[in-house]
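Novice: Have a look at this one.
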Amino acid sequence: MSRIRDGRARVPARARFRALLLAGLLAASCGGGDEEARLEKLSHELGSVREGLPAIRTRVAEREATAKAAQDELAQARGELRESERRIAEIEKEVGAHATDPLLFRMIQKQLLEDDDLEDVAISARVEHGVVTLSGVVPEAELRERAVKLTESVPGVVSVQDRIQVAGEKPPAGQ
């Protein structure tokens with residue numbers, strides 16, 4: 001209840017508090033244009049990010065599926081590799097039991113003679129306890145490397161000593 005005194009109405013304290021609070025809020029909102037703009041900008045950005053979220057989730061799921069498939073393929077390939085390595089060791093053991101020096105000599109000579117690049121080159125091989133010593137003269141270093149690789153590929157060969165000379169080059173020391 002308001003009372004009139006000296007021609008003015010008297011406002012109760014509670015009503016004055018509400019009026020002051022309302023005036024303060026209005027003043028704050030009028031001066032807070034920057035904050036309102038910032039809030040509006042953030043709200044817009046939030047909406048944009050939320051709109052893009054499903055597409056990002058889809059891409060992540062696709063990449064995870066691709067990675068999973070690749071991991072499965074890798075695991076399978078590793079299994080195949082282990083099996084191949086096991087089989088090679090098994091075969092090498094068996095070859096070692098049957099590979100005599102004369103047999104290795106014949107297999108090496110056959111490899112060297114059947115190679116088109118080496119058919120006109122004289123390379124000799126000596127085999128002792130599976131260790132092969134190659135000697136001779138070749139026109140190019142590539143042919144020497146080829147002869148060594150072919151010899152190394154023969155099952156039962158323990159190692160290869162390369163004493164092949166390239167025509168026109170000085171022989172290595174110790175030959």
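Any read-out appearing in this document is the output of simple, stated calculations on the displayed coordinates, not a laboratory observation. Quick caveat: nothing in here was measured; it's all calculated off a predicted structure. All Cβ positions, even for glycine, are placed from backbone atoms using ideal geometry, and neighbour counts span all protein chains on display.
Novice: For segment 114-125, just list the computed ³J(HN,Hα) in residue order, Karplus coefficients 6.51, -1.76 and 1.60, θ = phi - 60°, integers in Hz, with x standing in for Gly and Pro.
Specialist: Karplus-based 3J(HN,Hα) across segment 114-125 equals 7, 7, 4, 6, 10, 5, 9, 10, 9, 10, 10, 10 Hz.
Novice: Enumerate the amide H contacts of Gln161 below 5 Å, restricted to partners 5 or more residues apart or on another chain; note that Pro and chain-start residues carry no placed amide H.
Specialist: Placed amide hydrogens put Val132, Thr133, Leu134 under 5 Å from Gln161.
Novice: So, with +1 on the Cβ of K and R and -1 on the Cβ of D and E, and no other charges, what is the size of the charge dipole of segment 33-98 about its Cα centre, to the nearest 20 debye?
Specialist: 200 debye
Novice: OK, next. Starting from the 7 Å offset along Cα-to-Cβ, what nm value, one decimal, do you get for the label separation of Ser84 and His98?
Specialist: Using points 7 Å along Cα→Cβ, the separation is 2.3 nm.
Novice: What does the charge count around Leu112 come to, taking other residues whose C-beta lies under 15 Å from its C-beta (Lys +1, Arg +1, Asp -1, Glu -1)?
Specialist: After counting each charged neighbour, the total is -3.
Novice: Can you bin segment 101-166 into rounded, prolate or oblate? Criterion: square roots of the alpha carbon gyration tensor eigenvalues sorted a ≥ b ≥ c, rounded for a/c under 1.5, prolate for a/b above b/c, oblate for the rest.
Specialist: prolate
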